[in-house]
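**Student:** Dumping the structure here so I can ask a few things about it.
The values are calculated or read from the model by the stated rules, or taken from the named source; none is laboratory data. Computed from a prediction, not measured in an experiment: that's the story for all the values here. Don't worry about glycine lacking a Cβ; one is built from the backbone with ideal geometry, like all the others, and counts go over all protein chains shown.
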Amino acid sequence: YAKRNLRGQTVLFSDKHAAEIRTQTQIERHLLSADLEHELIQLFQPIVDLKTGRVLSFEALARWYSPQLGLVAPDVFIPVAERAGLIGGVTRVLLEKALREMRNWPEEIGLSFNLSAHDICAAEGVVRLVAIVNASGIDPRRIDFEITETAMAHDFVKARQSMQMLKTLGCHLSLDDFGTGYSSLSYVHRLPLDRIKVDRSFVTDIENDCASKVVRSMTGLCSDMGLKSIIEGVETPEQLGRLREMGCDMAQGYLFAKPMHPSMIAGYLADTNRLKANHAV
Ligand code: C2E
Ligand code: MG
Ligand code: MG
Ligand code: MG
């Protein structure tokens, strides 16, 4: 791995850099020939109502089981899929799978589904996603699409138009990873949002006075604007206690459950309901 710098000298990449480039190319090559229908899988993590303790929904979190590379995390393969122009197909396969999984769930349990910036900014927009929801027979009101701020920074007008289409269908919309990246409060009120997911980094630092003030003002802002707040990454009972005091609406994190295989969902719901019933007595 060598390239010429501006003065025409040959510059050698460090071994680490070379290895990274090799990996990216490798991942892309395997993804291009992957059998998405069989190799993409999803784990599901519950989102809990802090007032009632009830499970409201599960967020689908993608994994790619590559025969050559093993289990690949979404933070790794989603950006590669975006660059390789494969994200549209990846998202469609994942959405179909998640909706199929929902048929096994109680009617009152919703699905949270992550969309990439490309999904809501692409030329054909979300038209194909709308068709998939319609074909599934699942009530669109049970679906919450999570969109990150990066998507908004990319093409605000197109993103808003796509979001409007999903709203018209009856779906809910969440702004994911709020507080990271290009947070701009100026656009939040111009989008048809239902919920804001406060990024995990703020919860991690909640013992810190400043981070805790940020969380408090973000949840206050949400309720002033008629939006629900979801806190991600809750790991300890202490964090949960602080968040309850602050009036957060919903929470998600290892304290409740790690992302689980779909076959575990029924048992998990039965256990949490039994626990709640015992506490009520
Ligand atoms: P995200 O949507 O913000 O999802 C939350 C991430 O935090 C997940 O990582 C989850 O496993 C992790 N997490 C949840 N609770 C805790 C906790 O208490 N502690 C810690 N340390 N981590 C926690 P994961 O599954 O690796 O997903 C990473 C990101 O990849 C997601 O962030 C999302 O942006 C993206 N992603 C996942 N699935 C999809 C998908 O189907 N489509 C797209 N476009 N992106 C996806
Ligand atoms: Mg998410
Ligand atoms: Mg997030
Ligand atoms: Mg994230």
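**Student:** Search segment 90-116 for residues being assigned to a helix (DSSP H, G or I) and more than 12 Å from ligand 1 (Cβ to nearest atom), and hand back the single one that is surrounded by the most Cβ atoms within 10 Å (Cβ to Cβ).
**Tutor:** The extreme case among them is Met102.
**Student:** Here's something else I'd like to know. Only one of these conditions is not met by Ile78: (1) away from ligand 3 (no atom under 16 Å from the Cβ); (2) in a helix (DSSP H, G or I). Which number is it?
**Tutor:** Of the numbered conditions (1) away from ligand 3 (no atom under 16 Å from the Cβ); (2) in a helix (DSSP H, G or I), the odd one out for Ile78 is (1).
**Student:** Another question about this same structure. Would you mind stating whether Leu173 is touching an Asp or Glu at 6+ places or on another chain (Cβ under 7 Å), within 18 Å of Ser57 (Cα to Cα) and more than 13 Å from ligand 3 (Cβ to nearest atom)? Before the answer, list the steps.
**Tutor:** On the way: touching an Asp or Glu at 6+ places or on another chain (Cβ under 7 Å): yes; within 18 Å of Ser57 (Cα to Cα): yes; more than 13 Å from ligand 3 (Cβ to nearest atom): yes.
Judged against the criteria, Leu173 is a match.
**Student:** Examine segment 42-52 for a residue that is touching a residue at least 24 places away in the same chain (Cβ under 8 Å), farther than 21 Å from Ala257 by Cβ and out of contact with any Leu (no Cβ under 7 Å at 6 or more places or on another chain), and state whether such a residue exists.
**Tutor:** Looking for residues that are touching a residue at least 24 places away in the same chain (Cβ under 8 Å), farther than 21 Å from Ala257 by Cβ and out of contact with any Leu (no Cβ under 7 Å at 6 or more places or on another chain), one finds none in segment 42-52, hence no.
**Student:** Ok, one more. Taking the condition of being without any contact (Cβ under 8 Å) to a residue 40 or more places away in the chain, more than 15 Å from Ala62 (Cα to Cα), of a type outside the set (Lys, Arg) and part of a helix (DSSP H, G or I), how many residues in segment 25-39 meet it?
**Tutor:** Qualifying residue count for the region: 2.
**Student:** Checking Asp139 against (1) in contact with a helix residue (DSSP H, G or I) (Cβ under 9 Å, 6 or more places away or on another chain); (2) under 26 Å from Ala257 (Cβ atoms); (3) more than 16 Å from ligand 3 (Cβ to nearest atom), only one condition comes out false. Which one?
**Tutor:** For Asp139, the exception is condition (1).
**Student:** For segment 242-262, enumerate the residues that are part of a helix (DSSP H, G or I) and charged (D, E, K, R).
**Tutor:** Step one: list which residues in segment 242-262 are part of a helix (DSSP H, G or I), which gives 242-245, 262.
Passing the criteria: Arg242, Arg244, Glu245.
**Student:** Hey, which of the helices (runs of 4 or more DSSP H) in segment 145-241, taking only ones fully inside, have at least 3 residues that are touching a residue at least 12 places away in the same chain (Cβ under 8 Å) and within 16 Å of ligand 4 (Cβ to nearest atom)?
**Tutor:** Hits in segment 145-241: 149-154, 200-204.
**Student:** Select from segment 114-131 the residues that are out of contact with any His (no Cβ under 9 Å at 6 or more places or on another chain) and under 24 Å from Asp75 (Cβ atoms) and write down the one among them that is modelled with the lowest pLDDT. Let's see the steps before the verdict.
**Tutor:** Initial filter on segment 114-131 (out of contact with any His (no Cβ under 9 Å at 6 or more places or on another chain)): 114-116, 119, 122-131.
Add one more test, that the residue is under 24 Å from Asp75 (Cβ atoms), and what stays is 114-116, 119, 122, 126, 129.
Values: Asn114: 98, Leu115: 96, Ser116: 93, Asp119: 94, Ala122: 85, Val126: 94, Leu129: 97.
If we take residues in segment 114-131 being out of contact with any His (no Cβ under 9 Å at 6 or more places or on another chain) and under 24 Å from Asp75 (Cβ atoms), then Ala122 is modelled with the lowest pLDDT.
**Student:** Being touching a residue at least 40 places away in the same chain (Cβ under 8 Å), under 29 Å from Ile27 (Cβ atoms) and away from ligand 4 (no atom under 16 Å from the Cβ) narrows it down to one residue among Val127, Val93; which is it?
**Tutor:** Answer to the check: Val93.
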